[in-house]
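A short worksheet on the structure shown next.
The values are calculated or read from the model by the stated rules, or taken from the named source; none is laboratory data. Keep in mind the model is a prediction, meaning the values are calculated, not measured. Ideal geometry is used to build each Cβ from the backbone, glycine not excepted, and the neighbour counts take in all protein chains shown. Protein only, heavy atoms only, side chains kept; ligands, DNA and RNA dropped before computing areas. Shrake-Rupley method; radii C 1.70, N 1.55, O 1.52, S 1.80 Å.
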Amino acid sequence: LGLLYQEYRDKSTRQEIETRRLQDSQTDPEESSPSEETPSEAEPTSTTENKAPPQISLLRNSNSRFNLWQDLPEIRSSGVLSILQPDEIKLQEAMFELVTSEASYYKSLNLLVSHFMENERLKKILHQSEAHILFSNVLDVMAVSERFLLDLEQRVEENIVISDVCDIVYQHTVNHFSVYITYVSNQTYQERAYKQLLQDKPAFREVISQLELDPKCKGLSFSSFLILPFQRITRLKLLVQNILKKVEEKSDRETTALDAHKELETVVKACNEGVRKMSRTEQMISIQKKLEFKIKSVPIISHSRWLLKQGELQQMNGPKTSRTLRTKKLFREIYLFLFNDLLVICRQIPGDKYQVFDSAPRGLLRVEELEDQGQSLANVFILRLLENADDREASYMLKASSQSEMKRWMISLAPNRRTKFVSFTSRLVDCPQIQCVHPYVAQQPDELSLELADVLNILDKTDDGWIFGERLHDQERGWFPSSMGEEILNPKIRAQNLKECFRVHKSDDSQRRKLGSRNRQ
């Protein structure tokens, strides 16, 4: 039987992790085992849907050992493997991976619709508006996936050696993939509606539980099906990146891969912004209601403003000369709301309210870590407001609850401050790296959600188990527990990872420069 996309994706990313572990343990990346040549999602799959396009032996063979392009009987019997160069075989695997993973994804979408959405018992329980919020435009998403898969399969049928797939990706991204933005932007309301239905409607909870137990679902939850489109559009960008790393430089296939990657990046960014916009607006309204201004009022709600970090810190009372005092009264609690363009300093007052007594633009903040001053002044830093609410300079000596919390505040308050290790954007030849071996969901705005097999540059780390990292494939930054990953120790593998990412992003930069030059002309 073919794998559902959730299984497919999990197996593929774990294979990617194991491949990297193997490479990392070797002195020379070139000496890696044949598994290095396997695509990251090369797993058996089949398309058994009634709507499936033409009969294609390459994709419809359910024998589990045919998990690679080069293992297919049609390929082995053709003799083409003795003709193609090793780099071309790797490229064929990367393109084949994109096709087979789309088939697996379509299979899972089809199950979401036929098994859950169209279930008669569920239809009777759900009001039409509830069903609309829960399933959104999933029928449009499935129709787009079916059309996309048909074109991909047709390309595979043309020749046993796949000519290209990125031109098809480009056309579908430009013309059809906007349905993903609609679906993903609804995610906040979808999650909320699902939780509310589970809580308010026992009949809904019972039916969902029964449907999840069906062998078709292979032990996977209903929510894992709902999140499929967001996972797929993100993964598709990475699959195109994988192809881009393997095509010949300055070739036609590189051009199509660059075009496809650029369009996918636009869609993924729009999806992310859609999700953030929904949650940020509600969050800003909630914060506005809690603030009372002791100083001149500052309008909090703005379309271009969002929360970066909030929390309690201890403010040192009195002049710096009183540092030697050993008393709890040395510090007083304050509460900070840090937005992308503004810092608001408050004191908590009764009724879950906060009284604002100072503020400053984020660009006018400076931080300075204190040298070790003993236990009472551990995790203390200086926050300078170059121009506060009274249009003058102000300083605050602040104490955090831990080293990681201190560093997280310092980096959030002054993002341009130099970190312990240099970032990806500096084009450093070598930098500590880590690969994610456990997925992580961000709990705070300054944290970074991680997917299995993500590779990140380590920008900073703390003694109490936190890492500030920059993900290579999209340059997103944030904090996460160090237990979520394994450090990549082989410098050649780190250099290889950076080189591949430089190629993707330098090429993007080059395309933008050419476009800008043409526009100026």
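Here are the numbers for this structure:
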{"quantity": "Overall form of the stretch 294-413 per C-alpha gyration tensor (a/c, 1.5; a/b vs b/c)", "calculated": "prolate"}
{"quantity": "Label-point separation in nm, Ser297 to Ser449, each point 7 Å along Cα→Cβ", "calculated": "3.5 nm"}
{"quantity": "Hypothetical label at Asp10: residues of the stretch 92-121 whose amide nitrogen lies under 15 Å (7 Å Cα-Cβ projection)", "calculated": "108"}
{"quantity": "Entries in Lys290/Lys399; Lys218/Lys407; Lys107/Lys262 that, when Cα-Cα distance is taken, lie over 32 Å", "calculated": "Lys218/Lys407"}
{"quantity": "Protein-only accessible surface order, largest first, of Thr182, Thr100 at 1.4 Å", "calculated": "Thr182, Thr100"}
{"quantity": "Selection from Ser221, Ser77, Ala94 lying farthest towards where the dipole of the stretch 64-286 points positive, charges on Cβ", "calculated": "Ser221"}
{"quantity": "Ser178-Ser221 pseudo-label distance in nm [points 7 Å out on the Cα-to-Cβ vector]", "calculated": "3.4 nm"}
{"quantity": "Asp390-Leu81 pseudo-label distance in nm [points 7 Å out on the Cα-to-Cβ vector]", "calculated": "7.8 nm"}
{"quantity": "Aspartates and glutamates with Cα under 14 Å of Lys461, excluding same-chain neighbours fewer than 8 positions away", "calculated": "Glu405, Glu447, Glu470, Glu486, Glu487"}
{"quantity": "Average accessible surface area per residue within the stretch 94-223, 1.4 Å rolling probe, Å²", "calculated": "44 Å²"}
{"quantity": "Computed accessible area, Asp140, all protein chains, 1.4 angstrom probe, square angstrom", "calculated": "80 Å²"}
{"quantity": "Carbon + sulfur, % of accessible area of the stretch 64-286 - ligands and nucleic acids excluded, 1.4 Å", "calculated": "52 percent"}
{"quantity": "The stretch 294-413, accessible surface, carbon-and-sulfur percent (1.4 angstrom probe)", "calculated": "47 percent"}
{"quantity": "Accessible surface, the stretch 294-413, averaged per residue in Å² (probe 1.4 Å)", "calculated": "52 Å²"}
{"quantity": "The stretch 204-248: trypsin sites (Lys or Arg not before Pro) in DSSP coil with no more than 14 other Cβ atoms inside 10 Å", "calculated": "Lys218"}
